[in-house]
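One structure is given below, encoded as structure tokens.
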Amino acid sequence: MTPSTEPPASDDTPTAALVNPAAHGVNYQISPDAFEKVISQLPRAQQDTLRFWYFLGKERNWSLGQLAKACGSSSTTLSRVFAGKYNADTGKLCADLAKARENFAESITNPEYIQTSLGERIFRICDRTRTLSTVTIMWGKMGIGKTTVLEEYKRQNNHGRTIYYRCSAGLTAFQFVMEIAKAAGLTNKKATHLTLRDRLFSVLAAGNRLLIIDELHQLFLRRSSNDITPVVQCEFLREIYDRANCGLVLVGTKALERHLVDQKEALAQLLDRGTMQIALPDKPSAGDLRAFVKNYGLDPLDERQPDACAIVADILKTAGLRMLTLRLRDGAATAAKRGEDYTWAHFIEAFQTITKLAK
């Protein structure tokens, strides 16, 4: 991108006819790794602005036309700047795009998400891991809300800044690479294994990114004792960190701790990266529980509702916060169906109904 006095082309120019947003969809005629290479020589503030709009459009599955409308530019201009073919001053364009970013009406809150002490802790850990470009491994009981928190963190730290991938069991080493690359926006099916790895490294190395791998314990499931695939997959994660120097957060259930201990020697290189290894709390705090109850408009849970207290305590002990959320929603649905204000009586009734159906 060399500065010149050439004004940006409008959508009425002949060049615009070659750029058909509907035909190209969210590819924008350039992949994320090629886009990062294009903007790499620009000032950091300009990189951040262009990265915001490029990945916003891809995440929302917008055409270039839709993206242009959102940022007040033209599809032709965006196509040229993303591809490194913009021959005018990028400084003025990026200043306009930065103003548009400030005024962009984006949903700040997620009404379905309730921040807990666990959520606050995981947010701090993710921020620290990103800032220090280090590795963090976390594990905790099933159902405590780890995935919900991580998905919300990704939502709040989005548009290319955070790559989130949730593991599946039984993947080959190459499928694992493919899935992480796809999460990073790389979808070239013709790429070779080595080519795809290099492209992924280049994307993760730019823009102070954080890579979150959730459900990491899944890699070790359905494997025979002599299957080294999980070790190869974990070594790939170690290579990501070494090659891209991005923050890396690895999360799983308590089974992950056991697998790491069992494979300690084989995974020595991954674990020997100044990693933080953190055991998460098994149950929500009293303050977390109050926040959940308040969110559903229920009275504080105390000795006046002994039956509700017993049910909640049992759910938290046997299943966790995720199941409690489902049961609170069941009670709210029961109250709404009757056109009544939600009370603990509705919660108890819905729970008893579900229990009977289960039997």
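Report the gain in length on full extension from F174 to I228: 0.36 nm times residue separation, minus Cα-Cα distance, nm rounded to one decimal.
Here the answer is 18.1 nm.
Compute from the Cα atoms of the stretch 286-358 the Rg and the Dmax, the latter being the longest Cα-Cα distance, and quote both in angstrom.
11.4, 32
Between Q263, Q47, Q233, find the one with the highest GNM mean-square fluctuation for the chain; connect C-alpha pairs within less than 10 Å.
Comparing Q263, Q47, Q233 in the GNM, the peak value goes to Q263.
At what distance in nm do the modelled label points of A83 and A266 sit from each other, each positioned 7 Å from its Cα along Cα→Cβ?
About 4.7 nm, to one decimal.
May I ask you to compute the full-extension gain from E120 to R329, defined as 0.36 nm times their residue separation minus their alpha-carbon distance, rounded to one decimal in nm?
The span from E120 to R329 would gain 72.9 nm if fully extended.
May I ask you to sort E179, E36, E152, E265 by Cβ crowding, counting other Cβ atoms within 10 Å and putting the fewest first?
The order, fewest Cβ neighbours first, is E265, E179, E152, E36.
Using DSSP, restrict attention to beta bridges with both residues in the chain and report what percent are antiparallel, rounded to the nearest 5.
The antiparallel fraction comes to roughly 5 percent.
Under 25 Å from the Cα of K356, which lysines turn up, not counting those fewer than eight places away in the same chain?
Leaving aside lysines fewer than 8 places away in the same chain, those within reach of K356 are K317, K337.
I'd like the orientation of helix 286-295 relative to the chain: the angle between its Cα long axis and the longest Cα principal axis, in ° from 0 to 90, rounded to 10.
80 degrees
Karplus couplings for the stretch 55-62 from phi (6.51 cos²θ - 1.76 cosθ + 1.60, θ = phi - 60°), rounded to Hz, Gly and Pro as x?
Per-residue couplings from phi come out as 6, 4, x, 5, 5, 9, 6, 7 Hz.
Order 165-171, 216-222 from most to least packed using the mean count of other Cβ atoms within 10 Å.
Result, highest mean Cβ count within 10 Å first: 216-222, 165-171.
Among K141, K294, K58, which comes first, then next, by fewest other beta-carbon atoms within 10 Å?
K294, K141, K58
Enter the Cα centre distance for the pair the stretch 226-245 and the stretch 307-347, rounded to the nearest angstrom.
42 Å
Arranged by the count of other C-beta atoms within 10 angstrom, fewest first, what order do F201, F174 take?
So the ranking, lowest neighbour count to highest, is F174, F201.
Springs between alpha-carbon pairs under 10 angstrom, Gaussian network model over the chain: which of G297, G57, G339 fluctuates most?
Residue with maximal mean-square fluctuation among G297, G57, G339: G339.
Just one of (1) 22.0; (2) 23.1; (3) 22.5 is Kirkwood radius over Cα pairs in Å as worked out from the coordinates here. Which one is it?
(2)
Every read-out reported here was derived from the displayed coordinates using simple, explicitly stated rules and does not represent laboratory data. The model shown is predicted, which means the values in this text are computed figures rather than measured ones. Quick reminder, even Gly has a Cβ in these numbers, built from the backbone with ideal geometry, and neighbours come from all protein chains shown.
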